[in-house]
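One structure is given below, encoded as structure tokens.
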Amino acid sequence: MEKIDILRLMRDNIRSLDPYSTARDEYQGELGILLDANESPYGEGLNRYPSTALRSELLGRLEAIKGIPSGALFLGNGSDECIDLCYRVFCRPGMDNAVMISPSYGMYKVCADVNDIEARQVLLGEDFSIQTDDLLAASDSNSRLLFICSPNNPTANSFPESQIRTLLENFPGMVVLDEAYADFSARGSLKKLLAEYPNLIILQTLSKAWGMAGLRLGIALADPQVVTIFNRVRYPYNIGTDTLRLALDLLPAADLKAKVAEILKERGRMREALSKLPCLSEILPSDANFFLVRTASPRKLYDFLLARGIIVRDRSKSPLCGPALRITVGTPEENDRLIKAITEYDSVQSTIC
């Protein structure tokens with residue numbers, strides 16, 4: 001394929017942006033007396049703005065874990081900041097459009113609406129398969145972004161590498177591959193494609209398998225030119241000192257593989273147990289840490305579980321999902337409570353009938 005000029009895809013004003021800079025960015029020596037940022041001189045370390053040294057240390061740690069040069073890694077305030085930056089960097093408000101699969105993660109469209117970008121949603125197949133021809137047919141010369149979540153939320157399935165390659169080679173803009181759930185996938189990440197396709201942006205997160213959702217740390221893996229621009233556009237100090245410190249303390253997580261393995265084991269156990277309950281008509285396959293279950297009256301079951309302190313997600317209004325709930329895999333004890341509660345619901349429904 002002809003190499004895409006990703007700089008040409010960026011908005012003109014963003015490409016020429018003179019970023020905000022601080023005196024500390026310009027100082028090369030060891031930091032001493034800090035009288036530049038109008039901070040309080042008193043405090044327990046949080047009186048100062050986050051240091052670039054902490055950020056660089058965390059990027060170095062992630063470089064070792066991901067096997068990706070730190071210059072190709074961007075740290076966002078959650079993956080949602082990375083999604084928003086994709087729009088702000090590549091899409092002209094009121095002019096350009098973004099193509100995305102449906103059903104999928106809702107923030108792709110929300111960010112499009114916030115940035116005044118047309119969101120072109122393309123339905124998956126009835127079996128939740130990706131429709132590459134339809135996605136490409138939905139694009140035109142003003143299509144700057146294509147969002148693909150794999151494994152997809154809420155359908156929990158992954159899409160074939162061959163189809164992702166087809167989209168990368170034929171879509172006229174940037175392809176954003178959201179791999180928030182890749183740690184639970186049998187296939188894993190497609191980060192190897194970054195070396196071949198400069199128009200690829202991969203989103204990952206520390207919120208799911210890594211167990212750091214409360215820190216709000218998202219990661220974008222991309223061509224260094226994209227990362228450079230993202231860092232110019234992001235707001236100064238977008239990641240707080242406490243977040244950087246905690247992430248460094250928690251990375252690498254020695255028990256990550258064991259925890260993922262337990263979640264996958266529990267996913268299989270839950271699937272087997274729930275498939276025996278008549279009130280659930282279908283337990284859909286999953287390549288993530290959640291799955292969809294179909295039931296005749298999803299809201300009734302949702303409310304039944306809620307009354308027992310168990311919160312799941314009603315996805316019956318999502319396209320193609322049908323009357324379905326999305327259930328996350330919890331600890332063995334939490335999963336036991338869920339299975340027991342749905343068994344009780346099933347018993348009640350049988351008595352009524």
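Values quoted throughout were computed directly from the atomic coordinates according to the rules given, and no laboratory measurement underlies them. This one's a predicted model, so the numbers in the text were calculated from it and none came from an experiment. Don't worry about glycine lacking a Cβ; one is built from the backbone with ideal geometry, like all the others, and counts go over all protein chains shown.
My understanding is that a pair violates if its Cα-Cα distance is over 32 Å; which of Lys66/Lys265; Lys66/Lys109; Lys257/Lys300; Lys3/Lys66; Lys192/Lys340; Lys191/Lys276 do that in this structure? Violating the 32 Å limit, Cα to Cα: Lys257/Lys300; Lys192/Lys340; Lys191/Lys276. The helix-based estimate of mean residue ellipticity at 222 nm for the chain, built from -39,500 (n - 2.57) per DSSP H run of four or more residues and divided by its residue count, is -11000 deg cm²/dmol to the nearest 500. Annotation note: trypsin sites (Lys or Arg not before Pro) in segment 162-259 located in DSSP loop regions with a Cβ neighbour count of at most 14 within 10 Å are Arg187. Look at the alpha carbon pairs under 8 Å that are at least 6 residues apart: their mean separation over the length of segment 46-173 gives a relative contact order of 22 percent. Here's the picture: a label point sits 7 Å out from the Cα of Ser102 along the beta-carbon direction, and within segment 148-183 the residues with their amide nitrogen under 17 Å of it are 148-149, 153-155. Our estimate of slack between Asp18 and Ser51, defined as 0.36 nm per intervening residue step minus the Cα-Cα distance, is 9.8 nm. The slack between Ala296 and Asn170, meaning 0.36 nm per residue of separation minus the straight C-alpha distance, is 41.3 nm. Applying a DSSP loop filter and a limit of 16 other Cβ atoms within 10 Å to the GluC sites (Glu not before Pro) in segment 164-210 leaves Glu196. For segment 256-352, the relative contact order is 27 percent, taking Cα pairs closer than 8 Å that sit 6 or more residues apart in sequence and dividing their mean separation by the residue count. Using θ = phi - 60° in the Karplus curve 6.51 cos²θ - 1.76 cosθ + 1.60, the 3J(HN,Hα) couplings for segment 95-102 round to 10, 8, 9, 10, 9, 8, 7, 9 Hz; x is entered for Gly and Pro. With R₀ set to 56 Å, the beta-carbon distance separating Glu161 from Glu30 gives a calculated FRET efficiency near 0.75.
When you filter the GluC sites (Glu not before Pro) in segment 75-134 for DSSP loop state and at most 10 other Cβ atoms inside 10 Å of their Cβ, you are left with Glu126.
Using bins of 5 Å that start at zero, the share of Cα-Cα pairs per bin across segment 256-352 amounts to 2, 13, 25, 27, 19, 9, 3, 1, 0, in whole %.
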